[in-house]
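Beneath this line is the structure, given in structure tokens, with notes to follow.
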């Protein structure tokens, strides 16, 4: 089995502690270069667009390293891989010179129609082989390291034959790609589906974890929903620390996509993440 990704990962830059670039927070984000190391952008919001959107992108490029986190690759779909989308992604990544790119371990399209949701896949050997083939195809076209993110999901998918962590591990090993590890999604799924989140972390190839997402969630009735709209809770910070003490990642990011608080609250959460990173992995502290 190829391990070329693991070798290539050693040369990837350390970005530090970052934030997602959101339109509602753009002005305050760009004004806090001394407290934010890098920015993650949703590429679909910027690809092939001009005007004020392009101006925001250009302003961000001047101040921060950028990486992308897409929502439309639909890597697990049985539809043909969209060469138009992947080709556009290559051109956009070349433009911003991103060190890597990422998307979700899911499918979001059926028969050419997009569901506007990240839908879980069966944890099966057949799905592993299907995903590995498509990931290799996408990586070949784009020519930059690709990371796959573990998603939150709210149903047990039919034809599942392995645990979530076994499935993630099999896919990234077979495809020889990296992991964008979302510690909030691990926590959400562990509560909703009744497993030990630390067992998840202990059984994935941590040497493939390049980036980490940290986020908040909400309780609705007896189910936790991954909303990216609340403050990060202590058990999620604890999972972050656990991963950082056992791996050597390049970037950690705070996700906040709705229900925005005062920006000082986000800076406080970033400071908390930075303190954990500085203790567990000092090289991640990029801000002087």
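The values are calculated or read from the model by the stated rules, or taken from the named source; none is laboratory data. Given the structure is predicted, the values throughout are model-derived calculations rather than measurements. Neighbour counts are summed over all protein chains in view; Cβ atoms, including those assigned to glycine, are modelled from backbone coordinates with ideal geometry.
How about region 20-41: which of its residues are closer than 15 Å to residue 61 by Cβ and within 19 Å of the chain's Cα centre (by Cα)?
Within region 20-41, 21, 36, 37, 38, 39, 40, 41 meet the criteria.
Quick one: residue 174 ticks every box in (1) in contact with a strand residue (DSSP E or B) (Cβ under 8 Å, 6 or more places away or on another chain); (2) surrounded by fewer than 20 Cβ atoms within 10 Å (Cβ to Cβ); (3) touching a residue at least 60 places away in the same chain (Cβ under 8 Å) bar one, so which box is it?
Going through the list (1) in contact with a strand residue (DSSP E or B) (Cβ under 8 Å, 6 or more places away or on another chain); (2) surrounded by fewer than 20 Cβ atoms within 10 Å (Cβ to Cβ); (3) touching a residue at least 60 places away in the same chain (Cβ under 8 Å), residue 174 breaks only (1).
Which ones in region 143-169 are farther than 25 Å from residue 254 by Cα and surrounded by fewer than 20 Cβ atoms within 10 Å (Cβ to Cβ)?
143, 155, 156, 157, 158, 159, 160, 161, 162, 163, 166 - these are the residues of region 143-169 that are farther than 25 Å from residue 254 by Cα and surrounded by fewer than 20 Cβ atoms within 10 Å (Cβ to Cβ).
Can you list the strands (runs of 3 or more DSSP E) found entirely within region 178-227 that contain at least 1 residues being surrounded by fewer than 24 Cβ atoms within 10 Å (Cβ to Cβ)?
In region 178-227, 209-214, 218-220, 223-225 are the strands (runs of 3 or more DSSP E) which contain 1 or more residues that are surrounded by fewer than 24 Cβ atoms within 10 Å (Cβ to Cβ).
Condition first: over 23 Å from residue 157 (Cβ atoms) and at pLDDT 95 or above. Can you find one or more residues in region 113-131 that meet it?
Taking every residue of region 113-131 in turn, none turns out to be over 23 Å from residue 157 (Cβ atoms) and at pLDDT 95 or above.
Does residue 271 satisfy being modelled with pLDDT of 95 or more, over 19 Å from the mean Cα position of the chain (by Cα), surrounded by fewer than 17 Cβ atoms within 10 Å (Cβ to Cβ) and under 19 Å from residue 40 (Cβ atoms)?
It is true that residue 271 is modelled with pLDDT of 95 or more, over 19 Å from the mean Cα position of the chain (by Cα), surrounded by fewer than 17 Cβ atoms within 10 Å (Cβ to Cβ) and under 19 Å from residue 40 (Cβ atoms).
Just the residues that are closer than 17 Å to residue 107 by Cα and not in a loop (DSSP other than H, G, I, E, B), please, taken from region 157-169.
164, 167, 168
Within region 22-60, which residues are assigned to a loop (DSSP other than H, G, I, E, B), touching a strand residue (DSSP E or B) at 6+ places or on another chain (Cβ under 8 Å) and either over 21 Å from residue 214 (Cα atoms) or free of Cβ contacts under 8 Å to residues at least 40 places away in the same chain (or both)?
42
What residue, of 138, 98, is modelled with pLDDT of 95 or more and more than 16 Å from the chain's Cα centre (by Cα)?
None of the others qualify; the one that does is 138.
Looking for whichever is closer than 26 Å to residue 205 by Cβ, at pLDDT below 95, out of contact with any strand residue (DSSP E or B) (no Cβ under 7 Å at 6 or more places or on another chain) and surrounded by fewer than 13 Cβ atoms within 10 Å (Cβ to Cβ) here; the options are 288, 283. Which one fits?
From the options 288, 283, the qualifying one is 283.
Working only within region 1-21, note down all residues that are in contact with a helix residue (DSSP H, G or I) (Cβ under 8 Å, 6 or more places away or on another chain), surrounded by fewer than 20 Cβ atoms within 10 Å (Cβ to Cβ) and not in a helix (DSSP H, G or I).
Across region 1-21, the qualifying residues are 1, 14.
I'd like the residue in region 76-90 that is farther than 19 Å from residue 145 by Cβ and touching a residue at least 12 places away in the same chain (Cβ under 8 Å) and, out of all such residues, is surrounded by the most Cβ atoms within 10 Å (Cβ to Cβ).
Top of the filtered list is 76.
Count, please, the residues in region 159-171 that happen to be touching a helix residue (DSSP H, G or I) at 6+ places or on another chain (Cβ under 6 Å) and in contact (Cβ under 8 Å) with a residue 40 or more places away in the chain.
The total comes to 2.
Report whether or not residue 73 is surrounded by 13 or more Cβ atoms within 10 Å (Cβ to Cβ) and either without any contact (Cβ under 8 Å) to a residue 60 or more places away in the chain or assigned to a loop (DSSP other than H, G, I, E, B) (or both).
Yes: the conditions hold for residue 73.
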